[in-house]
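Participant: Sharing a structure with you now.
Values in this text are rule-based calculations from the coordinates and carry no lab data. Quick caveat: nothing in here was measured; it's all calculated off a predicted structure. Glycine also receives a Cβ, built like all others from the backbone with ideal geometry; neighbour counts cover every protein chain displayed.
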Amino acid sequence: MGGSGRVGMVLGVLGIAVVLAGCGRGPASGKKVFYYNEWDGIATLDPAFAKNRSIIWAIHQLYSTLVETDNQLRVVPGLAYRWEVSEDRRVWTFHLRRDVFFHDDAAFPGGKGRQLVAGDIVYSFKRLLDPVTASSGAWIFHGRIDSSRAFEAPDDSTFVLRLSRPFHPILGLLSMAYCSAVPREVAEKFGKDFRSHPCGTGPFRFLSWEENQDMIFLKNENYYGRDSVGVRLPYLDALKISFNSEKATEFLLFRQGELDFINEIDASFKDEVLSKRGVLKKDWEGKIVLSVYPQLNTEYLGILVDSSNELVRVSPLRFRKVRQAINCGFDRRKMMLYLRNSLGLPAESGFVPAGLPSFDSTKVKGYPYDPARARELLREAGFPDGKGMPAVKLLTIPVYADFASYIARQLEDVGMHIQIEVVQKSLLLEETAQSKALFFRGSWIADYPDAENYLSVFYSKNPAPPNYTRFSDPGFDRLYEQALLENNDSVRYGLYQQMDQKIMDASPVVPLWYDEVVHLINPRVKGFDPNALNLLELRRVRK
């Protein structure tokens, strides 16, 4: 599959040896190409289906959104250079830049990319909601927009969004890859093949995609973004993504200098590279750079608590004190040390992770390791030393089986018998969505940088997903709805903390750890800054 009618010309500029052969990385080539590997592949380059990390990373290079989040999780201008909101917080007006152009494409007159206008935002958002598109991102606007006139373009440089009720995190939602600006001409010309013929306004433009081999993007010479001294971004000339499915191969290529970075450290080589304290071993110092940064991801165990469900009615997990006993019956700190080489923070506060501004471990109290308290809670629940308590099945996926076994062993010591069942991820997702999994492993990675995204997991009016535990509490719901209307950050954060504490007290979940973004980086790469959403940000990277 591959690029526009200008491929031959562009390759002449960039040098075939550099871009396609993946060699010629020395000074002689003169071109700065960034190399990384996607071991689980990339399914599509259509923003309407940007539902996982590998797709989002690629989309982020090719497309732009109205607003963006910076590496401090602040919402900053993107395609819109400024915006305002009405007094009732329901009408958002965005003023668009006039120097933004879509990438060149044969679908445009003369093959030349045209200027972005407000109508493109209207089209992109309506396309997201169109049942024909069947976008996995349609949920962004469901129940949130004024159904009669949600999206309007009063002129080419003004876009108006109308909400059905105030929703404070709306700007965070608009920064998601789903909300990328898409040109009607290209999307309609290629239809389903738009997945492999992308056209956006981002810092890189699409060149080619050889399925299961590689994907190549070139610098967008007309990108609107500039650095603080006015130099046009990006600094890189090209980006090449390979698709080696073996983690061991990926690490070998990185060691040989064939890749510029690796995302996450696989269990197969983490002990070779890292000490138990999470720092580089002496042999690797100076050869690679280790970057660790808080990530908006909570790893947890979920517990179904819907008392109308037959599974719950006959389970000891229906008792709050049993759920609390699980929470304090195992040592998260030792688990992180031995199984994660200290990467990630033990989740001893709430469900909301440490990377968010509303996080405050002094305000939200979770469960430090306390086996005596766990035994006491079991006794109070009617199971002294675990007597009379039936075994409980914990569903997990293969990559987390060792964590499940560790937790089960420690809970055995306080009187609980946990049976581990390892299933494939697709089955686990299906069972949790249908409320057929009583006790299960889960993770919640933020869609946008606001604690509301985590607390919505427990709002009773939300289905599964996201409310996999089927938690329902009128007091929690009232706080949740109140927080959506609150404009004052500190007041809203206080409401978030009250909600998080309610979750910890009721214990429909057992938070395990707050994750961290872990990158191994080649020392030749500069300006590769991490962020809590683990977005691949390459605009200011130099080699």
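Participant: Run the dipole for the chain about the Cα centre, Lys and Arg Cβ at +1, Asp and Glu Cβ at -1, nothing else charged, and hand back the magnitude in debye, nearest 20. Before the final figure, lay out the partial values.
Facilitator: Details: 68 positive and 66 negative charges, 104 e Å.
I would put it at about 500 debye.
Participant: Can you tell me the dipole magnitude for the stretch 410-460 around its Cα centre, using point charges on the Cβ only (Lys, Arg +1; Asp, Glu -1), in Debye to the nearest 20?
Facilitator: The dipole of the stretch 410-460 has a size of about 140 debye.
Participant: Right, another one. May I ask you to evaluate 6.51 cos²θ - 1.76 cosθ + 1.60, the Karplus curve with θ = phi - 60°, for each residue of the stretch 215-229 and list the ³J(HN,Hα) values in order in whole Hz, giving x for glycine and proline?
Facilitator: For the stretch 215-229, the Karplus-derived couplings read 9, 10, 10, 10, 4, 7, 5, 9, 4, 6, x, 9, 7, 5, 10 Hz, x marking Gly and Pro.
Participant: Also, quick follow-up: Residues with amide H under 5 Å of Asp105's amide H, sequence separation 5 or more or different chain, H placed in the peptide plane at 1.01 Å from N; which?
Facilitator: Amide H to amide H, under 5 Å and 5 or more residues apart or across chains, Asp105 pairs with Lys112, Gly113.
Participant: Using every Cα-Cα pair within the stretch 376-535, state what percent have a distance larger than 18 Å.
Facilitator: For the stretch 376-535, the share of Cα pairs beyond 18 Å comes to 70 percent.
Participant: Give the cross-link partners of Lys425 among the lysines, using a straight C-alpha distance below 20 Å as the criterion and excluding same-chain residues fewer than 8 apart.
Facilitator: Lys51, Lys247, Lys393, Lys436
Participant: For the stretch 201-242, what Kirkwood radius comes out of the mean inverse Cα-Cα distance, in Å?
Facilitator: 11.1 Å
Participant: Would you mind pulling out the separation of the Cα centroids of the stretch 69-115 and the stretch 119-181, in Å?
Facilitator: 13 Å
Participant: For Gly202, list long-range residues whose amide hydrogen, built 1.01 Å from N in the peptide plane, is under 5 Å from its own amide hydrogen.
Facilitator: Counting only residues 5 or more places away or on other chains, the set is Tyr63, Ser64.
Participant: While we're on this one: Could you give me the ³J(HN,Hα) list for the stretch 436-453, computed from phi with Karplus coefficients 6.51, -1.76, 1.60 and θ = phi - 60°, whole Hz, x at Gly and Pro?
Facilitator: Taking θ as phi minus 60°, the curve returns 9, 9, 7, 9, 8, 7, x, 8, 10, 9, 4, 7, 8, x, 8, 4, 3, 4 Hz for the stretch 436-453.
Participant: Among Gly494, Pro368, Gln419, which residue has its Cα furthest toward the positive end of the charge dipole of the stretch 294-517, with +1 on Lys/Arg Cβ and -1 on Asp/Glu Cβ?
Facilitator: Going by the charge dipole, the pick is Gln419.
Participant: On to the next question. Going by average Cβ density within 10 Å per residue, which order do the peptides 465-472, 417-424, 88-95 take, highest to lowest?
Facilitator: Going from most to least packed, we get 465-472, 88-95, 417-424.
Participant: Shifting gears a bit: Quickly rank 228-238, 44-54, 505-515 as a protection proxy: mean count of other C-beta atoms within 10 Å, highest first.
Facilitator: Highest mean packing first, the order is 505-515, 44-54, 228-238.
Participant: Which of the following values of mean projected area of the Cα convex hull in nm² was calculated from the structure shown: (1) 27.0; (2) 31.0; (3) 25.8?
Facilitator: Computed from these coordinates, mean projected area of the Cα convex hull in nm² corresponds to label (3).
Participant: Positive end of the charge dipole of the chain (Lys, Arg +1 and Asp, Glu -1 on Cβ, about the Cα centre): tell me which of Gln324, Ala50, Val75 has its Cα farthest that way.
Facilitator: The one lying farthest along the dipole's positive direction is Val75.
Participant: Using only DSSP helix segments of four residues or longer, with each worth -39500 (n - 2.57), what per-residue ellipticity at 222 nm results for the chain after dividing by its residue count and rounding to 500? Could you put the intermediate results ahead of the total?
Facilitator: Details: 17 runs with 150 residues, N = 543.
Dividing the helical sum by the residues of the chain leaves -7500 deg cm²/dmol.
Participant: Reachable aspartates and glutamates from Lys281, Cα under 13 Å, same-chain residues fewer than 8 places away excluded?
Facilitator: Asp271, Glu272
Participant: Out of every Cα-Cα pair in the stretch 7-244, what percent are more than 26 Å apart?
Facilitator: For the stretch 7-244, the fraction of Cα-Cα distances above 26 Å is 39 percent.
Participant: In Å, what Kirkwood hydrodynamic radius results for the stretch 36-157 from the alpha-carbon pair distances?
Facilitator: Result for the stretch 36-157, one decimal place: 16.4 Å.
Participant: Can you tell me, using C-alpha contacts under 8 Å and at least 6 residues apart, the relative contact order of the chain as a whole percent?
Facilitator: The normalised contact order for the chain reaches 18 percent.
Participant: Between the stretch 243-259 and the stretch 386-405, what is the C-alpha centre distance in whole Å?
Facilitator: Cα centroid of the stretch 243-259 versus Cα centroid of the stretch 386-405: 34 Å apart.
Participant: Could I ask something else about it? Looking at Leu129, Gly41, Gln61, which one has the Cα that reaches farthest to the positive end of the dipole of the stretch 7-244 (charges on Cβ: Lys, Arg +1; Asp, Glu -1)?
Facilitator: The Cα lying farthest towards the positive end belongs to Gln61.
Participant: Nothing charged except the Cβ atoms of Lys and Arg (+1) and of Asp and Glu (-1): what's the magnitude of the dipole of the stretch 294-517 about its Cα centre? Round to the nearest 20 debye.
Facilitator: 660 debye
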